[in-house]
Amino acid sequence: MTTDVGYHQIRFNFDARRETLWRSLFRFYFKRWIRKEDCVLELGAGYGHFINNVEARRRVALDVWPELPNFLQPGVESHVGSVTDLSFLENRSVDFAFASNLFEHITKDDLADVLRQLEPKLSNRGLLCLLQPNYKYAYREYFDDYTHITVYSHVTMCDFLQTCGYEIVECKPRFTPLTVKSKVKIASLLIWLYLKSPIKPLGKQMLIVARPRKNAAPTEASSR
């Protein structure tokens, strides 16, 4: 995320509702992508809400924030450092890499560097999944976060991933609302209903699943 300590106190302060959100998202959506024997990596793990709820053989969290280890469950590997340095990972060791609300905080050059470093770290069936604001639907609020420096829509992100050697497996332009900072109740049943609904009110976060093109099955088509 960011090295600005004040960011976690003002803009990204701890909110217990995120635990309900991520526990439900893993149960109702992400679980289908992850096997019990997998290694899962979270880039920009923040408070660890996603990685703490993952059920996998190995769980790895990376964030530049020094307080990261204090929020991780026992058994989750903690690495404090830049997302542009993945040298601590073994080649072909990661089956599912996840980043939530991260890549809008770094430059396109840094993202290209991350994608280049990540490719050899992914296993033969390894996937990259990202969740972040979709500028097409969140343009009014996009720069309310003073650490946002790069603009992406689901179209530009898919194109960028493909130019960096990745194939798009799944693209959902409207996956979830932009933030938990609202008066809308956060409850597991409501999240399940939202994910199942073809209509996504307030859906301003996009979700994209991709994989290195050389790992792509020749008979499978990308979805946009």
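The values are calculated or read from the model by the stated rules, or taken from the named source; none is laboratory data. Just so it is clear, the model here is predicted, and its values are computed rather than measured. When we count neighbours, we look across all protein chains shown, and the Cβ atoms used for this are built from the backbone with ideal geometry, even at glycine.
What's the total number of residues in region 80-112 that are of a type outside the set (Ser, Thr, Tyr) and crowded, with 18+ Cβ neighbours inside 10 Å? Steps first, answer last, please.
We begin by selecting, within region 80-112, every residue of a type outside the set (Ser, Thr, Tyr); these are 80-81, 83, 85-86, 88-92, 94-99, 101-106, 108-112.
With the extra rule that they be crowded, with 18+ Cβ neighbours inside 10 Å, the set shrinks to 83, 86, 89, 94-99, 101-106, 111.
Residues meeting the conditions: 16.
Scan region 74-85 for residues that are within 19 Å of TRP22 (Cβ to Cβ) and without any contact (Cβ under 8 Å) to a residue 24 or more places away in the chain and report the count.
Looking only at that region, the number is 4.
Tally up the residues in region 12-30 that are outside any helix (DSSP H, G or I) and of a type outside the set (Gly, Ala, Ser), please.
Looking only at region 12-30, we keep the residues that are outside any helix (DSSP H, G or I), and these are 12-16, 29.
Next cut, of a type outside the set (Gly, Ala, Ser) only: 12-15, 29.
Residues meeting the conditions: 5.
Hey, can you tell me all the residues within region 138-162 that are at pLDDT below 95 and out of contact with any His (no Cβ under 8 Å at 6 or more places or on another chain)?
If the condition is that a residue be at pLDDT below 95 and out of contact with any His (no Cβ under 8 Å at 6 or more places or on another chain), then ALA138, TYR139, ARG140, GLU141, PHE143, ASP144, ASP145, TYR146 are the ones that fit.
Report the residue count in region 86-115 for those that are among the hydrophobic types (A, V, I, L, M, F, W, C), touching a residue at least 60 places away in the same chain (Cβ under 8 Å) and not in a helix (DSSP H, G or I). It would help to see each step written out before you state the result.
Of all residues in region 86-115, those among the hydrophobic types (A, V, I, L, M, F, W, C) come to 86, 88-89, 94, 96-99, 102-103, 106, 111-112, 114-115.
Remaining after also requiring touching a residue at least 60 places away in the same chain (Cβ under 8 Å): 96, 98, 102, 114.
Okay, now just the ones that are also not in a helix (DSSP H, G or I), so 96, 98, 102.
Residues in region 86-115 being among the hydrophobic types (A, V, I, L, M, F, W, C), touching a residue at least 60 places away in the same chain (Cβ under 8 Å) and not in a helix (DSSP H, G or I): 3 in total.
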